[in-house]
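**Q** Here it is, the structure, as structure tokens.
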Amino acid sequence: MLDKLSSTLKKVTDKIANAIFLDKTLVESVVKDLQRALIEADVNVSLVLELTKKIKQSALNERISGLEKKEHIIKLLHDELIKLLGQSRKIKLEKQNVFLMLGLYGQGKTTTISKLASYYGKRGHRVCAICLDVYRPAAAEQLKQLCDKQNIPAFISPEEKDPKKIWKKYEQEMKNYNLILVDTAGRDSLSEDLIKEIKDISKLAKPTETLLVMSADIGQTAKKQAQTFKEAVNISGVIITKMDSTAKGGGALTACAEVKAPVIFIGTGEKPADLETFDPESFLSRMLGMGDLKSLMEKIQSVVSEKDIEATQARLAEGKFTLKDFQAQLESMDSIGGMDKIMSMIPGLGKAKVPEQALETQQEKAKHWKHAINSMTLEEQENPEILEKETSRIQRISKGCGTTTSEIRAMLKQYKMLKEMIKSQSSLTSGNMDQKTIMKLAKKFGRKMKF
Ligand code: GDP
Ligand code: MG
């Protein structure tokens, strides 16, 4: 069911999440993939263009920076797709329920009745079905056979040519059931006489739900069909069948959303069990691979709390970066696992790469560095320059924390380098540097970072 679209959506979100920089080439390739997959799934071209335009705009918006941008785009993609799928509506059963099933020939009304009988029967309701399709001689027999298999009573009168009379004949008996599924006749199109017939039946049966059944393979045509049925007989919801056997399901689903006809169930096969409730949010989650999406969001947000990130970024933006900040970075590095992550937290720098082997020894060093910083006075932490002026301070700290003086010096060097990097960063945030320069800078620091 829409497998191809699903795999493209997964690929696209991965591409965004793993990108070092969301540059123009990447954004354009992502947008192209999206367009192709959505159009192949039969989603209306102008809707597709509208969606991808929004994605492109926000991806290339200079004002949103690295980390938030990825998150922002994935969320935007998710929200726009939800919009395409429309509002969800769940049927709430009353004490007595009558579902009137409508639709053109061969859309799946009768089959869907057997599915609904199974669905509600399993949930403890007393279900029966009645055949008011008086045009096709085999219609009554088809319904009866399907219902017999599930021990659901089917009320039929194959000889009777007036649907109203059939209803009246069984009306009393059907009061024993709390859900009556009414099968009706279709036509090739919504003709005047079909509208009249539906209205007549509707007056008698007083349906609690009037459900339009449409096959997914009609694609975008579903828009016009849903619209005309809605205007003529006021449908309360739609059931899209045959989602299993066509790639056009995207067209049918989004077309219903466009005319605000809520899709309530989808049919995914011919058997009674092949029915699913349709909820845009969970449907999309499955398409995107919700596990993936969730972990992706988590990955992107990283382990550090948002408040911490905001506070650090605010200090960085002011160009302030003390040894305490450096220590906080080291701590978060422990839980996230790498200098590259820290760099990805710095707006604009994205995910610059640090050599793999450096990361292993880094953890050990970081531990020593943290102890050293703890052994400093507040003054030293805030103004590390005084350590260079008065080297006796370094000796004192070294004794206090059991870290060698050369280790402490290396740490100070590292701190200075990071600070320098952050300084050049302030020209990034003011937007003076293009992506190429940023890339170069990141590479340079990536190489320089030795632990
Ligand atoms: P009706 O004329 O609207 O009552 O349509 P039917 O219920 O007779 O269905 C027409 C054909 O579509 C039958 O061959 C069904 O088996 C088939 N069909 C209905 N729903 C589904 C579905 O969800 N998946 C598939 N693959 N076939 C379906
Ligand atoms: Mg039928």
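The values are calculated or read from the model by the stated rules, or taken from the named source; none is laboratory data. No experiment lies behind these values; they were computed from the predicted model shown. Heads up, the Cβs are rebuilt from the backbone with ideal geometry, glycines too, and the neighbour counts pull from every protein chain shown. What goes into the accessible areas is simple: the full protein's heavy atoms, side chains included, and nothing from ligands, DNA or RNA. Shrake-Rupley method; radii C 1.70, N 1.55, O 1.52, S 1.80 Å.
**Q** Select from region 374-411 the residues that are within 18 Å of Glu364 (Cα to Cα) and hydroxyl-bearing (Ser, Thr, Tyr) and list them in ascending order.
**A** Listed by number, the residues that qualify are Ser375, Ser398, Thr403, Thr404, Thr405, Ser406.
**Q** Go through region 75-133 residue by residue and tally those that are closer than 26 Å to Leu284 by Cα, in contact with a helix residue (DSSP H, G or I) (Cβ under 8 Å, 6 or more places away or on another chain) and acidic (Asp, Glu).
**A** 1
**Q** Can you report the number of residues in region 185-202 which are open to solvent by 40 Å² or more (accessible area, probe 1.4 Å), assigned to a helix (DSSP H, G or I) and under 21 Å from Thr111 (Cα atoms)?
**A** Qualifying residue count for the region: 0.
**Q** Could you please tell me which pairs satisfy a Cβ distance under 9 Å, a separation of 6+ or placement on different chains, a first residue in region 26-54 that is among the charged types (D, E, K, R), and a second residue that is not in a helix (DSSP H, G or I)?
**A** Pairs found: Glu40/Ala247; Asp42/Thr246; Asp42/Ala247; Asp42/Lys248.
**Q** For region 258-271, name all the residues that are open to solvent by less than 50 Å² (accessible area, probe 1.4 Å) and assigned to a loop (DSSP other than H, G, I, E, B).
**A** Hits for region 258-271 are Val259, Ala261, Pro262, Thr268, Gly269.
**Q** I've got another one for you. Evaluate region 104-116: report whether one residue or more is touching a residue at least 40 places away in the same chain (Cβ under 8 Å), on the phi > 0 side of the Ramachandran plot and either assigned by TED's automatic domain parsing to the domain that holds Ile266 or in contact with a Gly (Cβ under 6 Å, 6 or more places away or on another chain) (or both).
**A** yes
**Q** Can I ask one more? For Glu159, state whether it is touching a residue at least 24 places away in the same chain (Cβ under 8 Å) and of a type in the set (Asp, Glu).
**A** no
**Q** In addition: Condition (residue is open to solvent by 20 Å² or more (accessible area, probe 1.4 Å), touching an Asp or Glu at 6+ places or on another chain (Cβ under 8 Å) and more than 13 Å from ligand 1 (Cβ to nearest atom)) applied to region 168-178: is it met by at least one residue?
**A** Yes: one or more hits.
**Q** Taking the condition of being out of contact with any Asp or Glu (no Cβ under 7 Å at 6 or more places or on another chain), farther than 26 Å from Lys164 by Cβ and surrounded by 19 or more Cβ atoms within 10 Å (Cβ to Cβ), how many residues in region 204-247 meet it?
**A** 9
**Q** A further question on this structure: Would you mind stating whether Leu100 is under 22 Å from Ser189 (Cβ atoms), near ligand 1 (Cβ under 10 Å from one of its atoms) and of a type in the set (A, V, I, L, M)?
**A** Judged against the criteria, Leu100 is not a match.
**Q** Would it be correct to say that Pro153 is within 16 Å of ligand 2 (Cβ to nearest atom), open to solvent by 20 Å² or more (accessible area, probe 1.4 Å) and farther than 25 Å from Val233 by Cα?
**A** Judged against the criteria, Pro153 is not a match.
**Q** Suppose the filter is at pLDDT below 90, under 17 Å from the mean Cα position of the chain (by Cα) and crowded, with 16+ Cβ neighbours inside 10 Å; does Lys69 pass it?
**A** Against the criterion (at pLDDT below 90, under 17 Å from the mean Cα position of the chain (by Cα) and crowded, with 16+ Cβ neighbours inside 10 Å), Lys69 qualifies.
**Q** Same structure, new question: Of the conditions (1) in a strand (DSSP E or B); (2) under 19 Å from Lys83 (Cα atoms), Glu276 satisfies every one except a single condition; which number is it?
**A** For Glu276, the exception is condition (2).
**Q** In region 119-133, which residue that is open to solvent by less than 30 Å² (accessible area, probe 1.4 Å) and more than 11 Å from Gln150 (Cα to Cα) is farthest from ligand 2 (Cβ to nearest atom)?
**A** Of everything passing the filter in region 119-133, Tyr120 is farthest from ligand 2 (Cβ to nearest atom).
**Q** Sticking with this structure for a sec: Among the candidates Tyr120, Tyr135, Tyr177, which residue alone is at pLDDT 95 or above and of a type in the set (Phe, Trp, Tyr)?
**A** Exactly one of Tyr120, Tyr135, Tyr177 is at pLDDT 95 or above and of a type in the set (Phe, Trp, Tyr), namely Tyr177.
**Q** Of the numbered conditions (1) open to solvent by less than 20 Å² (accessible area, probe 1.4 Å); (2) free of Cβ contacts under 8 Å to residues at least 60 places away in the same chain, Gly250 fails exactly one; give the number of that condition.
**A** (2)
**Q** Across region 111-135, what is the number of residues that are within 13 Å of Leu211 (Cβ to Cβ) and near ligand 1 (Cβ under 9 Å from one of its atoms)?
**A** The total comes to 3.
**Q** OK, next. Inspect all residues belonging to region 64-85 and state whether any of them is more than 21 Å from Ile201 (Cα to Cα) and part of a loop (DSSP other than H, G, I, E, B).
**A** Yes: region 64-85 contains one or more residues that are more than 21 Å from Ile201 (Cα to Cα) and part of a loop (DSSP other than H, G, I, E, B).
**Q** List the pairs whose first member sits in region 137-151 and is assigned by TED's automatic domain parsing to the domain that holds Ile113, whose second member is away from ligand 1 (no atom under 13 Å from the Cβ) and assigned to a loop (DSSP other than H, G, I, E, B), and whose Cβ atoms are under 6 Å apart, counting only residues at least 6 apart or on separate chains?
**A** Pairs that qualify, where the first residue is assigned by TED's automatic domain parsing to the domain that holds Ile113 and the partner is away from ligand 1 (no atom under 13 Å from the Cβ) and assigned to a loop (DSSP other than H, G, I, E, B), are Ala140/Ile156; Ala140/Pro158; Lys144/Ile156.
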